[in-house]
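Novice: The following block contains the structure, expressed as structure tokens.
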Amino acid sequence: MWKNSKSTLFRARNNTDLLFYNFKLRCFVVIELKATAFKPEYLGQINMYMSAVDDLLAHADDQPTIGLLLCKTKNNVVAEYALRGFNKPVGIAEWEAEIAGSLPEIASTLPSISELEAELSQGISSKPVEQREPVWGSPSDGA
């Protein structure tokens, strides 16, 4: 029995994309990242991981594990039918629109390689760090 449980735990811990513990909610959170559209069989996979975590990692006082499937896309009707009758706390969300849409905005706020090199070369100077101006701008100039 122990060998089988240990094997299941090993698979769950090594196949789950992300496993967190939320101290405020007192529960584990299993996150599966999928580079494809949502498929109903993903619920079976995350259910196995959640069950293994509840059975083998969670304390008796913990709340049930929460599952989150982050898929490239999802059909709301398919997701609704797949979740019907599923009695564990699971969410299905799309990730592409949020991540891909924010990348150009983030990239424009980062310093260039030459700006970083200039900033690092300032670090060698004798001037204290708090007296140095950042190469790529200061908060006062809106950069």
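Novice: How much length is gained on full extension from Asn87 to Gln45, taking 0.36 nm per residue of separation minus their Cα-Cα distance? Don't skip to the end; give the middle numbers.
Specialist: On the way: separation 42, 0.36 × 42 = 15.12 nm, distance 1.49 nm.
Length gained between Asn87 and Gln45: 13.6 nm.
Novice: Roughly how much of Glu117 is accessible, in Å² to the nearest 10, using a 1.4 Å probe?
Specialist: 110
Novice: As a test of reading the structure, rank Ile31, Ile113, Ile46 by solvent-accessible area (1.4 Å probe, protein chains only), most first.
Specialist: Per-residue accessible area, sorted high to low, gives Ile113, Ile31, Ile46.
Novice: Keeping all protein chains in position, work out how much accessible area Leu120 exposes to a 1.4 Å probe, and write it in Å² to the nearest 10.
Specialist: Leu120 exposes around 130 Å² with every protein chain in place.
The values are calculated or read from the model by the stated rules, or taken from the named source; none is laboratory data. Just so it is clear, the structure is predicted and the values come from calculations on it, not from any experiment. Please note that ligands, DNA and RNA were not included when accessible areas were found on the heavy atoms of the full protein model with its side chains. Shrake-Rupley method; radii C 1.70, N 1.55, O 1.52, S 1.80 Å.
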